[in-house]
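S.K.: First the structure, then my questions, so here it is.
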Amino acid sequence: MPYAGRFAPSPTGTLHAGSLVAALASWLDARAHGGRWLVRIEDVDTPRCLPGADTTILQQLATCGLVPDEPPVWQSQRGALYEQALQRLVEQGLAYPCACSRKDIEQALQQAGQHKPRHGELVYPGTCRSGLYGRSARAWRLYTGRCMERTHPQKQPPARMEIAQTATEFIATKDATLHWSDRRLGPQTQDVEHEVGDFVLRRADGLWAYQLAVVVDDAAQGITDVVRGQDLADNTARQILLQRALQLPTPRYLHTPLVLGANGEKLSKQNGAQPLDLHDPLAALQAAATKLGLPAGSASTIPEALHHWVTAWSAHYLKGTA
Ligand code: GLU
């Protein structure tokens, strides 16, 4: 499959020093492979989007010489694709409606003696796997246990099986751990069912969840290599599970180093990262390249600098993977 990469910003703010690192890395990887580089505006979480941030991001990228090879796409216009994917999962018995509020989940976890959130997220205890019992559906969740069963061809579940029975049998028999290899971080593992739980595909407010939208779009756009910030690495197992459930190819993954703020935390729009100062775009790019471990070089124009970094990127990140 010909190389295709992407940069997928959420327009909840404009670019900051951290997001420029991810943008530059994905652009360099695409150029180093002689492939296409796309931009996808991830605006599914509409209440969190900042009006006009999408246009500003595209302008900021262009100022840095990072211009997509095809017109950008907006996730807010692709709901029909996500709906189709959810329907496929429902038809296969891999997605189910969930009536739980956050409070219900907290209570269920407390009763089970497991109330520790993981990265601020509650591990869903599977309450609605066996039905809603008259409560109204709020969100849709992926049945992670059954998805794992599908990823072990030697352990195909019988064609017809009661949901509750599947859940218990599965827990009793499976090795639920997903293994994959990150191009920078090396071998990774996660037991999605137990470490994350059945995760949301469509939210209680009707909005599409990031995990579903990103998997559908990466496949629809033929993305072969996902290059993005390391803060997103933890989502990868969930995305691979969804790809398998939807019988979609799994891209290669490379997670880039994070830019930390003065408080030692990841620079993000949420913790008030300053927008990029693009009065001197070459200096901003040089800082991003340094974060990626690339030599600053002596280029005096953006095209020269980018050219120099493509070669440096190939030497640094493509060893054995090209
Ligand atoms: N939209 C996500 C963000 O801005 C990135 C998603 C991805 O690259 O997979 O954090």
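S.K.: Could you give the angle, 0 to 90 degrees to the nearest 10, between helix 302-317's Cα long axis and the longest principal axis of the Cα atoms of the chain?
M.R.: Around 50 degrees separate the two axes.
S.K.: Quick check: the angle from helix 79-91's long axis to the longest principal axis of the chain, C-alpha only, nearest 10 degrees?
M.R.: That helix lies at roughly 30 degrees to the long axis.
S.K.: Counting only residues 5 or more places away or on other chains, whose amide H sits under 5 Å from the amide H of Lys266 once H atoms are built in the peptide plane?
M.R.: Gly261
S.K.: Have a look at the DSSP beta bridges in the chain and tell me what percent are antiparallel, nearest 5.
M.R.: The answer is about 50 percent antiparallel.
S.K.: Sticking with this one: Can you spot the aspartates and glutamates whose alpha carbon is less than 13 Å from Lys116's alpha carbon? Ignore those fewer than 8 places along the same chain.
M.R.: Once the sequence-local aspartates and glutamates are set aside, what remains near Lys116 is Glu106, Glu195.
S.K.: Cross-link candidates for Lys103: which aspartates and glutamates have Cα within less than 17 Å, leaving aside residues fewer than 8 places away along the same chain?
M.R.: Excluding near neighbours in sequence, the set is Glu121, Asp198, Asp205.
S.K.: Pick from Gln87, Gln110, Gln286: which residue has the top mean-square fluctuation in a GNM of the chain where Cα pairs under 10 Å get a spring?
M.R.: The residue with the greatest mean-square fluctuation here is Gln110.
S.K.: Pop a pseudo-label 7 angstrom from the Cα along the beta-carbon direction at both Gln87 and Met1 and give the gap in nm to one decimal.
M.R.: 2.3
S.K.: In addition: Classify the range 1-95: rounded, prolate or oblate, from the alpha-carbon gyration tensor (a ≥ b ≥ c, eigenvalue square roots; a/c under 1.5 rounded; otherwise prolate if a/b is larger than b/c)?
M.R.: Oblate shape, in that a/c is at least 1.5 and b/c is the bigger or equal ratio.
S.K.: If one takes the longest principal axis of the Cα atoms in the chain, at what angle in degrees, from 0 to 90 and to the nearest 10, does the Cα axis of helix 281-291 lie?
M.R.: Roughly 60 degrees, rounded to the nearest 10.
S.K.: If amide H atoms are built 1.01 Å from N in the plane of the peptide, which residues on other chains or at least 5 residues away come under 5 Å of the amide H of Thr256?
M.R.: Here the answer is Arg228, Gly229, Gln230, since their amide H atoms fall under 5 Å of that of Thr256.
S.K.: Sticking with this one: Out of Ile105, Ile240, Ile41, any idea which swings most in a Gaussian network model of the chain, alpha carbons joined below 10 Å?
M.R.: Highest fluctuation among the options: Ile105.
S.K.: So what is the calculated 222 nm ellipticity per residue for the chain, using -39500 (n - 2.57) for each DSSP H run with n of 4 or more, over all residues, to the nearest 500 deg cm²/dmol?
M.R.: -11500 deg cm²/dmol
S.K.: Still on this structure, I have one more. Using a 10 Å cut-off around each Cβ, can you sort His255, His119 from fewest to most neighbouring Cβ atoms?
M.R.: Working: His255 23, His119 7.
With the sparsest Cβ surroundings first, the list reads His119, His255.
S.K.: From zero up to wherever the largest Cα-Cα distance of the chain sits, split into 20 Å bins and tell me the percent of pairs in each.
M.R.: Histogram of Cα-Cα distances, whole percents per bin: 30, 55, 15, 0.
S.K.: Just grab the label-to-label distance for Ala283 and Lys103, each label 7 Å out from Cα along the Cβ direction, in nm (one decimal).
M.R.: That separation, rounded to one decimal, is 5.2 nm.
S.K.: Under 5 Å between amide hydrogens, which residues at least 5 positions from Gly126 or on another chain qualify, with H placed 1.01 Å from N in the peptide plane?
M.R.: Sorted by chain and number, the residues that satisfy this are Asp198.
S.K.: Looking at the chain, which Cys residues are left with no other cysteine's beta carbon under 4.7 Å from theirs?
M.R.: Unpaired cysteines in the chain: Cys49, Cys64, Cys100, Cys147.
Every number here is computed from the coordinates shown, using simple stated rules; none is lab data. Small disclaimer: the values here were computed from a predicted structure and weren't measured. Cβ atoms come from the backbone with ideal geometry, glycine included; neighbour counts cover every protein chain shown.
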